[in-house]
1. Can you pull out every residue in segment B:149-206 that is among the aliphatic types (A, V, I, L, M), under 20 Å from the mean Cα position of the chain (by Cα) and either within 14 Å of chain A (Cβ to nearest Cβ) or not in a helix (DSSP H, G or I) (or both)?
2. May I ask you to list the residues in segment A:118-146 that are part of a strand (DSSP E or B) and hydroxyl-bearing (Ser, Thr, Tyr)?
3. For segment B:106-130, what are the residues that are in contact with a Lys or Arg (Cβ under 9 Å, 6 or more places away or on another chain) and either assigned to a loop (DSSP other than H, G, I, E, B) or surrounded by fewer than 23 Cβ atoms within 10 Å (Cβ to Cβ) (or both)?
4. Give B:401, B:317 a once-over and let me know the one that is within 10 Å of another protein chain (Cβ to nearest Cβ) and either in a loop (DSSP other than H, G, I, E, B) or within 24 Å of residue B:111 (Cα to Cα) (or both).
5. Looking at A:490, A:440 in this structure, which one is surrounded by 16 or more Cβ atoms within 10 Å (Cβ to Cβ), within 30 Å of residue A:619 (Cβ to Cβ) and among the β-branched types (Val, Ile, Thr)?
6. For segment A:565-593: of the residues being closer than 16 Å to residue A:523 by Cβ and assigned to a loop (DSSP other than H, G, I, E, B), which is modelled with the lowest pLDDT?
7. In the set A:259, A:240, A:254, which member is in contact with a Ser or Thr (Cβ under 6 Å, 6 or more places away or on another chain), within 22 Å of residue A:558 (Cα to Cα) and assigned by TED's automatic domain parsing to the domain that holds residue A:457?
8. State yes or no: is residue A:113 assigned to a helix (DSSP H, G or I) and surrounded by 14 or more Cβ atoms within 10 Å (Cβ to Cβ)?
Amino acid sequence: MIRSFFLPAVTLLTAIVFVGRLISLQLLNSSYKLLSNSNAVIQNSIYPERGYIYDRNQKLLVSNQPVYDLMSIPENIIPFDTLELSKILRTSKAELKEKIKSARTFSVKLPSIIFGKISKERNAVIQEKIWKYPGFFLQKNSIRHYPIPIASNLLGYVSEVNKNDIKKDNYYRSGELIGRQGIEEYYELLLRGKKGKKFYQKDHFNRIIGPYKEGKFDMPVEGAENLFLTIDMELQQYGEELLQNKRGAIVAIEPKTGEVLSLVSAPGYDPNMLVGRERSKNFEKLVLDTLAKPLFDRGLQAQYAPGSPFKTLNALIALQEGVIDNETAFLCKKGHFYAHGMFMECHCRPGTKNNLLSGLYRSCNTYFANIYRRIIDKAGENVEEGMNVWNEHLKSFGLGNYLGYDLPIGKKGFIPDASYYNYWYNKGGWKSATVVSNAIGQGELLTTPIQMANFTAAIANRGYFIQPHFLKSINNDNLNKVYEKKETSIDSIHFESVIDGMHQVVEIGTARVAKIKGIEVCGKTGTVENFIKINGVKTTLSDHSIFIAFAPKEDPKIALAVYVENGYWGARWAAPIASLMIERYLNRSVKRKWLEERMLNGSLLEEYEKPYSGKPFVINE
Amino acid sequence: MNNSIIFRIDWLLLIVYLILVYFGIVNVYSATYSETLNGLFDFSEAIGKQFLFIIFSFCIGLIILLINSKFFEQFATLGFFISMLLLLGLFFFGKTVSGATSWYTFGAISFQPSELAKVTTALIIASILSKFKSDIKYPKTLFKIGAYILLPFFLIILQPDPGSALVFAAFFFPLFREGLNYTYLIIFLSAFALFFITLIFPLNLVIVIITLLILLLYFIVKKHIPKIKIWPFLILLIVSIGFSFSIDYIFNNLFEQRHRDRINIVLGKETDTKGVGYNINQSIIAIGSGGLKGKGFLEGTQTKGNFVPEQHTDYIFSTIGEEWGFVGSSFIIFLFCFVILRIIFQAEKQTNKFRRVFSYGIAGLIFTHFFINIGMSLGIVPTIGIPLPFVSYGGSSLLAFSIMIFIHLNFDANRLNDW
């Protein structure tokens, strides 16, 4: 009878449907299992405090400071006076509303940052009034703090990870911090440590009701490391002061260890600009300054022609190749014809006869053009061989390639070889005279200031350099790492005469201004022609002012390269600045106040504006 | 023949009942578990109260088994009258919990008379149908039964507790079994369909649909029976439209937003996993996370975190699903099927009409609860807050269903004795 079977049939049918649903939920669909875990178990990350950064003398460069984030759980908000709260926060009512709206969109139950990075001082004010606004609370956070605003490009900065970072390294979660540029980026792993994880059992209000499985799955925090840099904070600060209102770079290296004592790039910026609430606004400002380029580290990234300091290397190569000796001399007639109808000027008085020593301290172009041609023409017609030998020698000084230092940016520079000229002039289409500009550090050559400082260190060491680096120790323990000692291809006996020449540069030559009482300084000035393109027109600008130096002559403690863009000539800006740096570093104080004053107050800002004024201008005036 | 009830009682059904009650308290314990709980005998806590109610139900059950079966037939009218008085009394002395005035409270203990009304209504319907000269096919009997069902229905819907009221639809099953005209099955099913159509589609569209369907029906019938008059169809049209209107009215005016939201979620009109759909969603997540064998007693993370609201009452099945897995939940479904089918099977054997209709009635009630409650936990039936018999937390419900089971056990044990 159908009536009797109706309810039993419906019951069985229901049971079948239920079991079917259970099969699909519990046996076939494993995603519910995962969802339950993420739903009922909260994973809290615990972050170690980001490591501090000190200079070589244990002086603090970077620490952390507390800031406060105003958080909100939207479902707990009760209607409130948005105008009043926005006044307390010193933001606009519209922005506040917008933030609350987007927090609500994210989740009504989970906390979101409404107003981030509130300073300690503002926090004190807000803290007093926040009780009036249920659903809002303040949460402590930490940002970088720079006790002395220096070395911004070198140190880098810290900011929130973006989608790319997360894609690259799945350690990071949205909202976490990552080091960018400089030391912060290169030593990110040491500075950040490793976040720990704690698992908590949540209830449906997202309240934590206890550790999950007695903390069985928790992962401990691995502490961040404090880094001690090779940088000398005082020297760095002094260098930045000397380069103020100028553009350029100073790189100073301790020759015996390869430790970089200072890396100054001007103009720099106050690293405090890139922390806190104004970070993104300030960063945009820095990026948009395409003329001064404050984010461009001139010490590492700027590729200039090496100019006259390069003559020291050509002299060393000529000695090593045996194409000259100390007494080989050439006559200078305020320049010389290096080819038919081709004249290279020199500032020597007509009829000066220069050997190695005087060639160096007078920076005689004629002398170096001649010895350079001897290097290239050593194998007679086979200029390719001469060119490649020259190229190999230069490479042994770390030119034309990355130096391998511990910062994330850099440029290779450029040292031409035979194949390069073969490409431009065809095989056999060029002679030593064609490439004679290389003799005086112009032409196709490109070097970065740190490469210049590095080869100066190699000269100071009489034949070798240690890979330049910025990390001295981690947590003040000695680094196990031994930095590579790189021998140059020049025998050490050849260095003394070049060093004598460099000493005379300061004593009686082009850079007498760099002389320091009681310290034997060796140096070489440089003045580099340079061009830019303005609206497609190649425009000649005032020459760059360059100086390389090391001191003391015996037992060198500092080697450095100074570039001042459009500084007219080497002895005008670069040599005094280098000399002041040496004095400051070796004597810890500067006696030549008049020179210091002139350098500190000197400004080239007008010079930099010239090409953009739209009016014709005079260079090297 | 041995006269002792001990040898005549259906032990199998009693044991399954006890298993369900035991499984119930185990899961209520888990769902309400907290570190501060002092065990089963902490009577200030839910679990302690439930334990008291179990003891109380067992005592009442024992008494019921010992009472002469005939007593219940005589008691039906009085019982119904008392339970209606209790329902009426709620409007004066009732306590309002989450919007519904459904409770009498005595200190820490509360009592829900609508649960008792299910038993007494089952008794009164059995009583009416079993009277001499009454037959479901007579309009007079049908009208009388309808009135006895609608009275508690309206009293309960006014509390308002639409969920408990809806359960009274369960009496369709014994009535149909007793010979209710097929027309009513069709009406029952079409009312059901119309109910959902009205909720899903806008009212004006529903009216158009109804009109077109009835016109179509009229022309089809007209072809076969040319003499058919149009007025029955017009009445049908008016009644249908009236029904739609009243559903629309009830839905939009009588129901609170939470009821509307719950229904809308299941109808797929809204999907909001953090707001209203939260309950259903969390329940499904909890059940789904149980897997084959479940996470084990007291190990359910969803349960421990109180993610599923009302978990110890309406959503107890989600605890079972999470902690006991597929094995445990299908076992519960199996037990319910067993209980329902066994009661029906034993009812069919009853030659006494009163007892047959009553037993069939409680089978229908248990089925309706089973269907709505587990269906809701699994997300295939709209959220209607009614307990899972024997298992859910709630003294009144446990007591009412225990009384039903024990009366049935009494009837079955005495089937051959006194009729």
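1. B:158, B:169, B:170, B:175, B:185, B:189
2. A:142 - this is the single residue of segment A:118-146 that is part of a strand (DSSP E or B) and hydroxyl-bearing (Ser, Thr, Tyr).
3. Within segment B:106-130, B:108, B:109, B:110, B:128, B:130 meet the criteria.
4. Matching residue, one of B:401, B:317: B:317.
5. Of the residues listed, the single one that is surrounded by 16 or more Cβ atoms within 10 Å (Cβ to Cβ), within 30 Å of residue A:619 (Cβ to Cβ) and among the β-branched types (Val, Ile, Thr) is A:440.
6. The qualifying residue modelled with the lowest pLDDT is A:570.
7. Sole residue among the options that is in contact with a Ser or Thr (Cβ under 6 Å, 6 or more places away or on another chain), within 22 Å of residue A:558 (Cα to Cα) and assigned by TED's automatic domain parsing to the domain that holds residue A:457: A:259.
8. no
The values are calculated or read from the model by the stated rules, or taken from the named source; none is laboratory data. Everything numeric in this text was worked out from a predicted model, so none of it was measured. Glycine gets a Cβ as well: all are built from the backbone with ideal geometry, and neighbour counts include every protein chain shown.
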